[in-house]
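Each value in this text was obtained by applying a stated rule to the coordinates, not by laboratory testing. Source: prediction; values computed, not measured. Quick reminder, even Gly has a Cβ in these numbers, built from the backbone with ideal geometry, and neighbours come from all protein chains shown.
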Amino acid sequence: MVGIIMGSDSDLKIMKEAATVLEELGVEYELTIVSAHRTPERMFDYAKTARERGVKVIIAGAGGAAHLPGMVASLTPLPVIGVPIKSSNSIDGWDSILSILQMPNGIPVATVALNAAKNAGILAARIIGTSNAGVTGRLEYYREGLKKSVAEKIDKIKWEYKNEYDHRSDED
C-alpha cells in the first residue's frame, strides 16, 4: 500500500493524480491531509505508524516551505517521494522544489518535478513492484500503452500533415 499525504486540501487537485495512476496500476493507497506546520502531532503519528499499517512507500506533496516530505522521511524508514507543489504563496514553485530536493545526507527524499504527482505514483508502483510481480506486470502493460500512444500520434501527424510538411518527391 502507498500512503499519499498532502499539507492542505488545496493540494488535492495535484495529488489525486498519484491516486489515479495507482488505481490504474492496481496498487492500494490511502490518501489524507497531514500538515507539518498545523498538525505536527498528526504528522508524527502518521509517519511513525505507517509501516505497521502496511504502507510500503509514502508520497508527500507540499507547497511553499514544503517541510512535509522531509519531516516525514526523518520519522520513518520507509521510502518517501516528495511532490513539490506550486501553491498560491509559492515563488513559482522553486521554494517547494528546493525545500524537498535539498535534504541533508542521511534523510533522503526522492523528488519528482513540480506538480508531478502522477510520476510520484508511477515511482511508488515501481518500488512496490520490486516485490510484487503483479504490479510489475501492470507497469509493463502501462509502459506498452505509452509506447502505443506515441506510435498512434506519429501516424496521426504523418496523415494530417503529409502534404503540408512532406516536400520530398515521390522518387526519394
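Here are the numbers:
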{"quantity": "Between helix 40-49 and the chain: long-axis angle, C-alpha atoms, 0 to 90°, nearest 10", "calculated": "70"}
{"quantity": "Highest to lowest packing among 47-55, 60-68, scored as the average C-beta count within 10 Å", "calculated": "60-68, 47-55"}
{"quantity": "Cross-link partners of Lys148 among lysines (Cα-Cα below 17 Å; sequence separation of 8 or more within a chain)", "calculated": "Lys156, Lys158"}
{"quantity": "Using θ = phi - 60° and Karplus 6.51 cos²θ - 1.76 cosθ + 1.60, couplings along the stretch 18-33 (whole Hz; Gly, Pro as x)", "calculated": "5, 4, 4, 5, 5, 4, 4, 8, x, 9, 5, 8, 10, 9, 7, 9"}
{"quantity": "Thr111 long-range amide H proximity, modeled H, under 5 Å", "calculated": "Gly82"}
{"quantity": "Segments 141-152, 124-135, 107-118, 1-12 sorted - mean Cβ within 10 Å per residue, highest first", "calculated": "1-12, 107-118, 124-135, 141-152"}
{"quantity": "Cα-centre dipole for the chain with unit charges at Cβ (Lys and Arg positive, Asp and Glu negative), debye to 20", "calculated": "560"}
{"quantity": "Inter-probe distance in nm under a simple model that places probes 7 Å from Cα toward Cβ, at Val150 and Asp92", "calculated": "2.9"}
{"quantity": "Whole-angstrom gap from the stretch 25-48 to the stretch 63-88, using each part's C-alpha centre", "calculated": "10"}
{"quantity": "Prolate/oblate/rounded call for the stretch 42-172, Cα gyration tensor, a/c under 1.5 rounded", "calculated": "oblate"}
